[in-house]
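In what follows, a single structure is set out as structure tokens and then discussed.
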Amino acid sequence: MPSRREIYEKIVRSAGAPPVSEGFASPVVGDYVRRLHAKTNRNVIAYYSNFLAMPGTVTGLSIDDMDMNGFMANIHKLDRKLGLDLILHTPGGEIAATEAIVKYLWKMFDKDIRVIVPQLALSAGTMIACAAKSIIMGKQSSLGPIDPQIGGVPAEGVLDEFEMAVASIQANPVSILLWQQIISRYHPSFINECAQAIDWSRKMVAVWLKENMLYRNENKDKIAETIVSYFSDHNQTSTHSRHIAMDVCQEKGLNIIKLEEDQELQDIVLSIHHAILIYFQLSKNTCKLIRNHSGEIFTINIQPEHENLSSQTNIVQTESGY
């Protein structure tokens, strides 16, 4: 496997240093993605967010409804009978958008989906991983809790805090003055919204697990319950940003394939990962990339002149000419 420095130099040479187009199509990234397709004989789509380098206030980093356009562009003309290897690097995002994407991918590939996690697939990214037949992870890879966030606030944490307030006030009515200041931050329907979001995400992931990854398992109901209970329990994971390693994921019942067991596969996957992160570094304003092995590219970019406003545009490209 080439070093990160070697990949960087290769990308710069191929693009013409320094690349000035935010959505420039790197033939180096494409070459590595095609190598994965050649090895597995499966369709490959890389879904990458630049969340590690950009502030969370930037629009477009999370999973949202705009991503459906990227997946549609990338899936068009693919041989769907080959299944899909989906490479995920994301902080998560909207539950509704995640549900729509999973349903679409299931229909397009008849549920024959493997999710590859080179580093991080958190929150809604973990939910997508749970909808696959298997998840390929390395020693450096992590999934995350699926406890939903509403306005950046953990829904389960809100319910725990509310229950604590009720118990405290029942035990000591004077404490209502203190809790009133805390609970007043939430609008009237917020508590109910949190409860519904938690129930929605738990049921959704449980169904996905039982209908795909655990479909042939006699104990699928029990295993799905164990997985969902752990990944959605704020008391077990402690924080929404918790990184859950490969061994723990496997221990809880997920169908994990260890990346290190196939050296060639590991080299290709990590080369894709480094190449895309370098691509982000060089393109500067690209906040999301969705691309396949046949050269289709969908990017979401922030506009430099309005960077503080986090405005975005979409570019669909192919690699014709490379």
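The values are calculated or read from the model by the stated rules, or taken from the named source; none is laboratory data. Computed from a predicted structure; not experimentally measured. Note that each Cβ is placed from the backbone with ideal geometry, even for glycine, and that neighbours are counted across all protein chains shown.
Look through the stretch 183-202, keep the residues that are surrounded by 10 or more Cβ atoms within 10 Å (Cβ to Cβ) and among the hydroxyl-bearing types (Ser, Thr, Tyr), and return whichever of them is modelled with the lowest pLDDT.
Across the stretch 183-202, the extreme among qualifying residues is TYR186.
If a residue must be surrounded by 15 or more Cβ atoms within 10 Å (Cβ to Cβ) and either free of Cβ contacts under 8 Å to residues at least 12 places away in the same chain or under 14 Å from ALA132 (Cα atoms) (or both), how many such residues does the stretch 203-224 contain?
12
Can you tell me which residues in the stretch 245-260 are touching a strand residue (DSSP E or B) at 6+ places or on another chain (Cβ under 8 Å), hydrophobic (A, V, I, L, M, F, W, C) and surrounded by fewer than 20 Cβ atoms within 10 Å (Cβ to Cβ)?
ALA245, ILE257
Looking at the stretch 142-163, I want the residues that are polar (S, T, N, Q) and have a partner that is buried (at least 24 other Cβ atoms within 10 Å of the Cβ) and at pLDDT below 75 with Cβ atoms under 8 Å, at least 6 apart or on another chain. Which pairs are those?
Between residues of the stretch 142-163 that are polar (S, T, N, Q) and residues that are buried (at least 24 other Cβ atoms within 10 Å of the Cβ) and at pLDDT below 75, the close pairs are GLN149/ALA155.
In the stretch 242-294, which residue that is in contact with a Lys or Arg (Cβ under 6 Å, 6 or more places away or on another chain) and in a helix (DSSP H, G or I) is nearest to GLU6 (Cα to Cα)?
Step by step, filter the stretch 242-294, then rank; the result is HIS274.
Which of the residues that make up the stretch 215-233 are over 19 Å from the mean Cα position of the chain (by Cα) and in a helix (DSSP H, G or I)?
LYS220, ASP221, LYS222, ILE223, ALA224, GLU225, THR226, SER229
I'd like the full set of residues that are in contact with a His (Cβ under 9 Å, 6 or more places away or on another chain) and more than 20 Å from TYR230 (Cβ to Cβ), limited to the stretch 100-136.
PRO118, GLN119
If only one of VAL174, VAL158, VAL166, VAL205 is in contact with a Cys (Cβ under 7 Å, 6 or more places away or on another chain), modelled with pLDDT of 75 or more, in a helix (DSSP H, G or I) and of a type in the set (Val, Ile, Thr), which one is it?
Just one listed residue meets the conditions, VAL205.
Let me confirm something: among GLU22, GLU9, which residue is closer than 15 Å to SER271 by Cα and either in a strand (DSSP E or B) or modelled with pLDDT under 95 (or both)?
After applying the criteria, what remains is GLU9.
Being over 29 Å from THR57 (Cβ atoms) and touching an Asp or Glu at 6+ places or on another chain (Cβ under 8 Å) is the filter here, so list the residues in the stretch 83-111 that pass it.
If the condition is that a residue be over 29 Å from THR57 (Cβ atoms) and touching an Asp or Glu at 6+ places or on another chain (Cβ under 8 Å), then GLY83, LEU84, LYS111 are the ones that fit.
Which condition number does LEU88 fail, the rest of (1) over 15 Å from ILE272 (Cβ atoms); (2) at pLDDT 95 or above being met?
(1)
Quick check: is even one residue across the stretch 261-284 touching a strand residue (DSSP E or B) at 6+ places or on another chain (Cβ under 7 Å), among the polar types (S, T, N, Q) and touching a residue at least 40 places away in the same chain (Cβ under 8 Å)?
Checked the stretch 261-284: no residue is touching a strand residue (DSSP E or B) at 6+ places or on another chain (Cβ under 7 Å), among the polar types (S, T, N, Q) and touching a residue at least 40 places away in the same chain (Cβ under 8 Å).
Six or more apart or on different chains, Cβ under 7 Å: which pairs go from a residue in the stretch 62-85 that's farther than 14 Å from VAL102 by Cβ to one that's exposed (fewer than 14 other Cβ atoms within 10 Å of the Cβ)? Could you list them?
Within 7 Å, the pairs are LEU82/ASN41.
Which residue, of ILE135, ILE63, ILE75, ILE87, is under 22 Å from GLU296 (Cα atoms) and crowded, with 24+ Cβ neighbours inside 10 Å?
ILE63
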